[in-house]
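I have placed the structure first, in the form of structure tokens, so that the comments after it can refer back to it.
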Amino acid sequence: MCGIVGYSGIRQAVPILIDSLKRLEYRGYDSAGIAVFNESNVEVYKDKGKIVDLEKTLPNIPGNVGIGHTRWATHGRPNKINAHPHTSGNISVVHNGIIENYQQLREKLIRSGYQFSSETDTEALAHLINNYYKNDLVDAVILALNDIKGSYAIAVLCGNELVAARKDSPLVIGIGENENFIASDIPAILKYTRKMIFLDDMEIAYVAPDKVSFFDTGKKPIEKTMKLIEWDLEAAEKSGYEHFMLKEIHEQPKALHETFAGRISELEGTIAFDGLNLKEEQVKDINRISIIACGTSYNAGLLGKYLFEQLAGIHVDVEIASEFRYSHSSPGSLVIGISQSGETADTLAALREAKTFGGRSLAITNIMGSTITRDADSCIYMRSGPEIGVAATKTFMSQLGVLYLLALYFGKGKGKISSDRMKRMLVSLRKVPAQITRILSNKELIKKYAGIYSSSSDIFFIGRTLNYPIALEGALKLKEISYIHAEGYAAGELKHGPLALITKNTPVIAIATKGLTYDKMVNNIKEVKAREAPVIAIADEKDSEIEKYVDAVIRVPATDDILSPMLSTVVVQLLSYYTAKARNCPIDQPRNLAKSVTVE
Ligand code: AGP
């Protein structure tokens, strides 16, 4: 989730590259760099920190062709060596995405005599293109891409030649007068041109000042259609969505795809984590886990509890971080701190407290180099990409993704999951991003129901077992952005008090996907219907029974029961978003809240 720019034209490249990079910084980045052909060779400048810091260090570099990058670290810490561009001989590369087989490529290239200086996956790509280069840059890029597994948007500079390519990561070509541009995001180059050509997967562009040629991976020329972008800059930053929250909800298939990238082998039924220093054999000794987190991350942790208990047979306590500090009870032998920002003061303080009891600690976070990564013994990155909306959406989804993988990994280590079940689960997990895309395509129906109930003053979300954390998350999301009083409840608990609040004016969102407690959930729905509450059920697309008991049904694709919470999540997020929109609330910046809560 980094930013790419490229320029080939009649103007000086450096001011355009720097200006374009600055337009991507609103998403938050940690290092930057450029490579420019100075009329005899390519000069590379890069550093940790903001683009203005890089700009201050730049000498006057003449030259009309170049590439630039803002990095949001995924492989290797944010520092100068890991910053892009990465070079090999005459080849310079900037890259977004994850090369899943970079370790194997790295070893092969080292055997062929290449030396690596960074911890990144991208450096392997630079060496690979160099290895194949025989005076034709397009040929070399195509051959290198054939060897790569994973996702990429790349810009490659060799002398004054510029080539771009993509797979599963966006890239657009901007068309100007005697100049052409490359960008990962439209806002980067909108100031220079509104004429854009969007690269599709497995397409390559050769970008010269007066012409852009497009090829498939067999080097067959392709005709592309140009689009005129009419968005203003603000709309472009949100990719045309009205709010960052909606954009980020739509980015969930990609976020989850990145969370899984390089970590799953369905064929072998194995899971591997880069940052986890806990081998499958060592998992046997862990009999109790404590999860510590706040807000949305706590809700993810609660689902984690069900997953570890069901898949690995390990008892889990989930603690609200601000309470754990004062509980004086000893945590499990593994403490997991979950924090998308990695800077939440309550979570950091609780994790430090937990460490005083001995035992191991593990952080699950989205931000490389954040404080939690330094405090914990090991760390797993969520890889959601930058999240700007205060309401956590895609980071919650990636937290769930990591927890599913972790629980399965522990299940295997504990001998609780057969190899066959593991393979089946991994195949089903891989399908989740596409199933989320299907739910997103059905959002008009969700918008309609949100509109109907947006004037309510109280709304309940109910679920049982695995769906209970999603009920909590739905209620948190709704109250956070729409200011409607919302309760998330374990459905079986309603009759012990809250049922007194249920009337015909209290809509109930019932998460009723198939599973162990489905029949009991239907009974709970009948209880609220008997009090005349309007009920919207979130149910499997194959469930033909549920509509008899409720006022409306929002369907999610049928999947392995244990995975359905990821799908229901998208529905509760969209319901909350459209409710807040119908009430005209400031969705991306709700009152009294901040994205990162650094006070206790
Ligand atoms: C969720 O929408 C909120 N913004 C909030 O509950 C958040 O999840 C909480 O503050 C924890 O943040 P963290 O994940 O960065 O630690």
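The values are calculated or read from the model by the stated rules, or taken from the named source; none is laboratory data. Keep in mind it's a predicted model, so treat the numbers as computed, not measured. Note: ideal-geometry Cβ built from the backbone for every residue, glycine included; neighbour counts use all protein chains shown.
Couple of notes before you dig in:
- Note on segment 548-600: residues that are among the aliphatic types (A, V, I, L, M), more than 19 Å from THR393 (Cα to Cα), within 24 Å of the chain's Cα centre (by Cα) and outside any helix (DSSP H, G or I) total 1.
- Single residue of segment 191-223 satisfying the filter (under 28 Å from the mean Cα position of the chain (by Cα) and in a strand (DSSP E or B)) that is farthest from ASN178 (Cα to Cα): GLU203
- Check on ILE470, under 21 Å from GLN252 (Cβ atoms), assigned by TED's automatic domain parsing to the domain that holds ARG591 and part of a helix (DSSP H, G or I): yes
- Single residue of segment 529-565 satisfying the filter (of a type in the set (Val, Ile, Thr) and out of contact with any Ser or Thr (no Cβ under 8 Å at 6 or more places or on another chain)) that is farthest from LYS447 (Cα to Cα): ILE562
- For segment 547-570, the criterion of being of a type outside the set (Ser, Thr, Tyr), within 16 Å of the ligand (Cβ to nearest atom) and not assigned by TED's automatic domain parsing to the domain that holds ALA345 is met by at least one residue.
- Restricting ARG383, ARG374 to those that are modelled with pLDDT under 95 and not in a loop (DSSP other than H, G, I, E, B) reduces the list to ARG374.
- Any hit, segment 100-115, residues being surrounded by 24 or more Cβ atoms within 10 Å (Cβ to Cβ) and not polar (S, T, N, Q): no
- Residue under evaluation SER339, criteria (1) at pLDDT 95 or above; (2) more than 16 Å from the ligand (Cβ to nearest atom); (3) of a type outside the set (Val, Ile, Thr), criterion not met: (2)
Here's the yes/no breakdown for (1) modelled with pLDDT of 95 or more; (2) not assigned by TED's automatic domain parsing to the domain that holds ASP551; (3) not in a helix (DSSP H, G or I):
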position	(1), (2), (3)
LEU476	yes, no, no
ILE481	yes, no, no
LEU499	no, no, no
THR513	yes, no, yes
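- Looking across segment 124-181 at every residue that is polar (S, T, N, Q) and under 26 Å from the mean Cα position of the chain (by Cα), the one that is surrounded by the most Cβ atoms within 10 Å (Cβ to Cβ) is identified as SER169.
- Odd one out for ASN523, checked against (1) of a type outside the set (Val, Ile, Thr); (2) in contact (Cβ under 8 Å) with a residue 12 or more places away in the chain; (3) assigned to a helix (DSSP H, G or I): (2)
- Checklist (1) surrounded by fewer than 18 Cβ atoms within 10 Å (Cβ to Cβ); (2) at pLDDT below 95 applied to ILE186, failing item: (1)
- Whether a residue is touching a helix residue (DSSP H, G or I) at 6+ places or on another chain (Cβ under 7 Å) and on the phi < 0 side of the Ramachandran plot was assessed, and THR296 passes this test.
- Filtered by the rule that a residue be within 14 Å of VAL508 (Cβ to Cβ), crowded, with 24+ Cβ neighbours inside 10 Å and more than 11 Å from the ligand (Cβ to nearest atom), segment 471-485 gives ALA471, GLY474, ALA475.
- Yes/no for PRO253 being away from the ligand (no atom under 16 Å from the Cβ) and within 17 Å of the chain's Cα centre (by Cα): yes
- Qualifying residue in segment 325-335 (condition: within 16 Å of the ligand (Cβ to nearest atom), in contact (Cβ under 8 Å) with a residue 40 or more places away in the chain, more than 21 Å from ILE562 (Cα to Cα) and buried (at least 24 other Cβ atoms within 10 Å of the Cβ)): yes
- Failed condition for ASN366, given (1) away from the ligand (no atom under 15 Å from the Cβ); (2) free of Cβ contacts under 8 Å to residues at least 60 places away in the same chain; (3) of a type outside the set (A, V, I, L, M); (4) touching a Ser or Thr at 6+ places or on another chain (Cβ under 7 Å): (1)
- Filter result for LEU303 (within 16 Å of the ligand (Cβ to nearest atom), of a type in the set (A, V, I, L, M, F, W, C) and buried (at least 24 other Cβ atoms within 10 Å of the Cβ)): yes
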